[in-house]
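> Below you'll find the structure I mean.
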Amino acid sequence: MRDEIQALARSLLGSLRDLTPIILVVGIFQVVVFQQPLPRLGDLLLGTGLVLLGLSFFVHGLELGLFPLGEALAFNFAVRGNLWWLLVFAFSLGFGTTVAEPALIAIAAEAAEAAAQAEIIADEPAALAGYASALRYTVAVSVGTALVLGVYRIVRGWSIHWFIVAGYLLVVLMTAWAPPSIIGIAYDSGGVTTSTITVPLVTALGVGLANSLEGRNPMVEGFGLIAFASLTPMLFVMAFGIVVH
């Protein structure tokens, strides 16, 4: 119990250290540059405190639960030696974590509103919800596909360089072909996908799998899944735009 309290205290101090530059930048610009008092100071302090606590609990929870869980699952699949179940699990993990990603939910809703303003879809609740859901599930399928490809690469011991080079060449080609109205959304989808929920589990999966396979270096083969998860949404969302827009 004492060790857990000490670990949580370290998370609090680390979160405070990380948030301090942001607080200083906002405060300096508001007071020195704009020469205005901070608006709603009480709410601002309360919100900052809640962010500090939330970030600390989140980081501590990752270290306590999600990282060990991801590594344990990867180890169990490697011990069983069933590649197909491992690939099914990788796809399910990528799909499930992406659907639940808060940042993706937010950007999908914004994209639906922008599409309605551009008269690409009807400005009705059903149309907005349908567009946002279709975009989210498109990204989720792309991340699941990315993890299948990334896990298979780790198992086979293939180099990541050629996959990344080929993937971004496809992104460049599809950028020239896709509707301009979807390109920015596609690029942003690649960024927001790899966020708070997806990154910890995916990283733990890659490192745990590399540790479980004989002859694999976790520093070389264990990382790179996040790169796949950032790349494939751009391709899938641009394809989504070609079909929908």
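The values are calculated or read from the model by the stated rules, or taken from the named source; none is laboratory data. Only a predicted model underlies this, so the values are computations on that prediction, with no experimental measurement involved. Neighbour counts run over all protein chains shown; Cβ positions are idealised from the backbone, glycine included. Please note that ligands, DNA and RNA were not included when accessible areas were found on the heavy atoms of the full protein model with its side chains. Shrake-Rupley method; radii C 1.70, N 1.55, O 1.52, S 1.80 Å.
> Per residue of the range 222-231, in order, report the coupling 6.51 cos²θ - 1.76 cosθ + 1.60 (Karplus, θ = phi - 60°) as ³J(HN,Hα) in whole Hz, putting x for Gly and Pro.
Going residue by residue, I get x, 9, x, 5, 5, 5, 5, 5, 8, 7 Hz, with x marking Gly and Pro.
> Rounded to the nearest 0.05, what FRET efficiency do VAL243 and GLN35 give with R0 = 41 Å and r taken as the Cβ-Cβ distance? Could you check?
0.20
> Going by the alpha-carbon gyration tensor, a ≥ b ≥ c the square roots of its eigenvalues, is the range 94-135 rounded (a/c under 1.5) or, if a/c is not under 1.5, prolate (a/b greater than b/c) versus oblate?
Because a/c hits 1.5 or more and a/b exceeds b/c, the range 94-135 counts as prolate.
> List, in order, the whole-Hz ³J(HN,Hα) value for each residue of the range 132-146 obtained from phi through the Karplus relation with A = 6.51, B = -1.76, C = 1.60 and θ = phi - 60°; use x for Gly and Pro.
3J(HN,Hα) across the range 132-146, in whole Hz: 5, 5, 4, 5, 4, 6, 5, 5, 4, 5, 5, 5, x, 5, 4.
> When you count, for each residue, the other Cβ atoms within 10 Å and take the mean per peptide, how do 100-111, 20-31 rank with the highest first?
Peptide ranking by packing, descending: 100-111, 20-31.
> Report the extension gain between ILE22 and ILE5 in nm, rounded to one decimal, defined as 0.36 nm multiplied by the number of residues separating them, less their alpha carbon distance.
Taking 0.36 nm per residue and subtracting the Cα distance, the gain is 3.5 nm.
> Quick one: grab the alpha carbon gyration tensor of the range 37-173, order the square roots of its eigenvalues as a ≥ b ≥ c, and give me rounded if a/c is under 1.5, else prolate or oblate depending on whether a/b is larger than b/c.
Oblate is the answer for the range 37-173, as a/c is 1.5 or above yet b/c matches or exceeds a/b.
> For the range 130-245, which whole percent of the accessible surface, found with a 1.4 angstrom probe, sits on carbon and sulfur atoms?
71 percent
> While we're here: Okay, helix-only estimate at 222 nm for the chain: each DSSP H run of n ≥ 4 adds -39500 (n - 2.57), divide by all residues, round to 500 deg cm²/dmol; what do you get?
Helix-only estimate at 222 nm: -27000 deg cm²/dmol.
> Right, something else. Which listed residue (LEU45, ALA72, SER133) has the Cα farthest towards the positive end of the charge dipole for the chain, taking +1 on Lys and Arg C-beta and -1 on Asp and Glu C-beta about the Cα centre?
Sorting the options by dipole projection puts first ALA72.
> Computed over the Cα atoms of the range 195-244, what is the ratio Rg over Rh, Rh following Kirkwood?
For the range 195-244, the value is 1.16.
> May I ask for the equivalent-ellipsoid semi-axes of the chain, computed as the square root of five times each C-alpha gyration tensor eigenvalue and listed largest first in whole Å?
Values for the chain, descending: 32, 30, 16 Å.
> Further question: Once each part is reduced to its C-alpha centroid, what is the distance from the range 135-166 to the range 9-74 in angstrom?
That distance is 32 Å.
> Next question. What percentages, rounded to whole numbers, describe P(r) for the range 119-189 computed over all alpha carbon pairs with 10 Å bin width beginning at zero?
16, 37, 31, 13, 4
> Okay, next question. Give me the accessible area per residue for the chain, probe 1.4 Å, as a whole number in Å².
Each residue of the chain exposes 56 Å² on average to a 1.4 Å probe.
> Related question: Relative contact order, percent, of the chain when contacts are C-alpha pairs under 8 Å separated by at least 6 residues?
After rounding, I find 25 percent.
> Would the range 158-236 count as rounded, prolate or oblate if I go by the C-alpha gyration tensor, calling it rounded below 1.5 in a/c and otherwise prolate when a/b exceeds b/c, oblate otherwise?
Cα axes put the range 158-236 in the oblate bin.
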